[in-house]
Amino acid sequence: MSDMPAYKNESLKFEERARDLVSRMTLEEKASQTRYNSPAIPRLGIPSYNWWNEALHGVARAGVATMFPQAIGMASTFDEELIFRVADVISTEGRAKYHEFQRQNDNGIYKGLTFWSPNINIFRDPRWGRGHETYGEDPLSDRQAWGSIYQRPSGGG
């Protein structure tokens, strides 16, 4: 019988692995993982992870990436296929950058695989000052814009 913990056994279902991992964590370790800059848990082999990354109109920060128009500009095209293709480029670049940073053991800010985008808030009040980060004020066109991203499986199926 193997001494490998269940959470490291890739042949098990994700839920079983996650349940085993969380059961091994102390309350303090669990709480520490809720921060945007989650520290490593060396005794369990968990590396540090920084959840702060953004890709509203391209992978922001941490090197060179393709930049696209702001979300409100993309929405004004009324072209769901174009918005999906842009999102596909952003996600491909994001994964490539993440894998390169992982190869270098670099878990710093802006180098994770978690992106705070798109912003699916409906733009209602210009005093908010961030309307350009949304797909606009119309719920139907907003749904069509961000729906083209979220309603397809990974890989464009």
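So Pro153 fits all but one of (1) within 27 Å of Lys8 (Cα to Cα); (2) at pLDDT 85 or above; (3) surrounded by fewer than 15 Cβ atoms within 10 Å (Cβ to Cβ); what number is the exception?
If we test Pro153 against (1) within 27 Å of Lys8 (Cα to Cα); (2) at pLDDT 85 or above; (3) surrounded by fewer than 15 Cβ atoms within 10 Å (Cβ to Cβ), just (2) comes out false.
Restricting to segment 118-139, what's the tally of residues that are small (Gly, Ala, Ser) and at negative phi?
Residues meeting the conditions: 1.
If Ile120 passes every condition in (1) in contact with a Phe, Trp or Tyr (Cβ under 6 Å, 6 or more places away or on another chain); (2) of a type in the set (Val, Ile, Thr); (3) closer than 27 Å to Val22 by Cα but one, which one does it miss?
With (1) in contact with a Phe, Trp or Tyr (Cβ under 6 Å, 6 or more places away or on another chain); (2) of a type in the set (Val, Ile, Thr); (3) closer than 27 Å to Val22 by Cα applied to Ile120, the lone miss is (3).
Restricting attention to segment 71-90, report how many residues are buried (at least 17 other Cβ atoms within 10 Å of the Cβ) and either over 21 Å from Leu140 (Cβ atoms) or touching an Asp or Glu at 6+ places or on another chain (Cβ under 8 Å) (or both).
Number of matching residues: 4.
Can you work out which of the residues in segment 98-145 that are touching a residue at least 40 places away in the same chain (Cβ under 8 Å) and among the aromatic types (Phe, Trp, Tyr) is surrounded by the most Cβ atoms within 10 Å (Cβ to Cβ)?
Step by step, filter segment 98-145, then rank; the result is Tyr135.
Since Asp142 meets every condition but one in (1) in contact with a Ser or Thr (Cβ under 8 Å, 6 or more places away or on another chain); (2) modelled with pLDDT of 80 or more, which condition does it not meet?
Result: Asp142 fails condition (2) only.
Where residues in segment 80-113 are small (Gly, Ala, Ser) and part of a loop (DSSP other than H, G, I, E, B), which of them is farthest from the chain's Cα centre (by Cα)?
Filtering first and then ranking leaves Gly108.
Is it fair to say Arg95 is more than 13 Å from Ile149 (Cα to Cα), open to solvent by 60 Å² or more (accessible area, probe 1.4 Å) and at pLDDT below 90?
no
When you scan segment 1-53, how many residues do you find that are open to solvent by 50 Å² or more (accessible area, probe 1.4 Å), in a loop (DSSP other than H, G, I, E, B) and within 30 Å of Arg85 (Cα to Cα)?
3
The values are calculated or read from the model by the stated rules, or taken from the named source; none is laboratory data. What you are looking at is a predicted structure, and each value in this text was computed from that prediction instead of being measured. Here Cβ is always computed from backbone atoms with ideal geometry, including for glycine, and neighbour counts include all displayed protein chains. Just so you know, the surface numbers come from the protein's heavy atoms only, side chains and all, with ligands and any DNA or RNA stripped out. Shrake-Rupley method; radii C 1.70, N 1.55, O 1.52, S 1.80 Å.
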